[in-house]
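J.: Here it is, the structure in full.
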Amino acid sequence: MKKNESTTEIKKHRTLGSLERFFWLLDHHHPLHFSIAAELNGTAPVEQWFKALNAIKEQHPLLRVSINLNENNAPVFVPLAGDVPIPLRIVQYTENNSWKAELKQEHITRFSPSEGPLIRAVLYECPHRSVIILSAHHSIADGRSLSYVLNDLLNAMNGKFTEPNAMPLATDEQVGLIMDDLHKLPINEADFVFLEGNSTVERALPQVDTLRLSPELSTRVRQRARQEGTTVHGALSAALALVSKDWKPQPLRIWSPASARETLESGYSASLQLTTKTVSFDLEEHRTFWDVARYSNASLAGVGSMEYITGYTQELSGLISSGIDINGLVEFGETVIANEYLLTNIGALNFDTDFGNLQLEALWGPFVLTGYEGSQTIGVTSINGIIHLALTTLAHIEAKPLLEAVEDLLMEECALVDNLR
């Protein structure tokens, strides 16, 4: 960016906020992009998908940017020059492939942030059925906002379009933090070269698995959790802790993202608006299922509050503006946010399911790998009241029938009881 550029042009080059920058840096060390997948009854012409992808690109500004360094070596979002389409890879069903195989391939295919765009799609076509997979660089979106993008995409497939959004603000700006240090902080050139070189390391395909709870069990989990003074997230945390007690390190750590979108009134946009917190579960102290679930809920209380969001962002801002190098960031992650499970719960999505010649049958994800040894990710969505669980784990980690074990325990603990409300 040249110093004589106009103010309007400079504003287009929005500096990455603390969390956006944190994920951008770590992504060079190990891939942090993530995916969601929608199973659809019905098919549509490929040209219609291209048109719909172009529509959502125009609606969400961060779907048409790259990340480049400005004159101070600070990373900034830069609008792509010209009409650059969102990449769409099309795969036809055969007996030798599956949409989950394509999802695995997405996990080892890196984004090139300096080129953009930072989102891509895979269309997996079967006779009379389709699966659309969206993958995004974590600096431009979180699981909730990528689900919004998917909803907009399906609406566009049905001829329904919405007005373009403005460029979303960084969380730092929304909580009133001064971003001068982030604007001016240089990146050590040697570290950056190391990062780019490391991005070429070959990686094995991960393991993925999915499981949809029955409508009856989904209802019972919600009702019983409410009766026991906790949440679905608390119940899922308890299930993970208890089914893993004999084969995961103890105390078991579950890392939970929480949406900051409602508190910040960020609206319906593709953006990164979340906080996180790791909870350690000592099963010697909290032995029963619902004790563990209530403990999880109490430990995460306030994580979406303005006070917590501000403190969380201040801590990250201070860490980055301290001049920490990539090795320091990796060490910070391995010591402060290392975990056995990432439980990333998008929550209940009240989307339509009828999109003309396409009907939404299931929504899976987020699928993501944290990069921490031994960590596994459980992505949770709820569509029309039905809870969907998605597992992502490294190729060499024993996955066990984890989702089935969680389901069995939930069935046992959420058996029908009197006076459910």
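The values are calculated or read from the model by the stated rules, or taken from the named source; none is laboratory data. A quick note: this is a predicted structure, and the numbers were derived from the prediction, not measured. Positions of Cβ are generated from backbone atoms using ideal geometry, with glycine treated the same way; all protein chains shown enter the neighbour counts.
J.: Specify which of the listed residues (255, 290, 247) is touching a strand residue (DSSP E or B) at 6+ places or on another chain (Cβ under 6 Å) and among the hydrophobic types (A, V, I, L, M, F, W, C).
T.: Checking each option against the conditions leaves just 255.
J.: Another one. Quickly run through the stretch 210-250 and pick out the residues that are within 22 Å of residue 298 (Cβ to Cβ) and among the acidic types (Asp, Glu).
T.: 228
J.: Still on this structure, please answer the following. What are the residues in the stretch 50-102 that are farther than 22 Å from residue 272 by Cα, crowded, with 21+ Cβ neighbours inside 10 Å and either touching a strand residue (DSSP E or B) at 6+ places or on another chain (Cβ under 9 Å) or not assigned by TED's automatic domain parsing to the domain that holds residue 182 (or both), if any?
T.: Within the stretch 50-102, just 99 meets the criteria.
J.: Taking into account only those residues within the stretch 131-167 that are of a type in the set (Ser, Thr, Tyr) and within 22 Å of the chain's Cα centre (by Cα), which is nearest to residue 77 (Cα to Cα)?
T.: The selected residue is 139.
J.: Applying the selection to the stretch 135-164, what residues are farther than 19 Å from residue 350 by Cα and surrounded by 20 or more Cβ atoms within 10 Å (Cβ to Cβ)?
T.: 135, 136, 137, 138, 139, 140, 141
J.: Right, another one. Among the residues of the stretch 229-240, are any at positive phi and at pLDDT 95 or above?
T.: Yes, the conditions are met somewhere in the stretch 229-240.
J.: State whether one or more residues within the stretch 212-219 are assigned to a helix (DSSP H, G or I), surrounded by 22 or more Cβ atoms within 10 Å (Cβ to Cβ), over 23 Å from the mean Cα position of the chain (by Cα) and modelled with pLDDT of 95 or more.
T.: no
J.: Please list, ordered by residue number, the strands (runs of 3 or more DSSP E) wholly in the stretch 1-103 having 2 or more residues that are at pLDDT 90 or above and small (Gly, Ala, Ser).
T.: Passing ranges, in order: 34-41.
J.: Let me ask you something else. Scan the stretch 31-60 and report the pairs whose first residue is over 30 Å from residue 257 (Cβ atoms) and whose second residue is part of a helix (DSSP H, G or I), with Cβ atoms within less than 7 Å and a gap of 6+ or a chain change.
T.: Final answer for the pair search is 44/157; 48/157.
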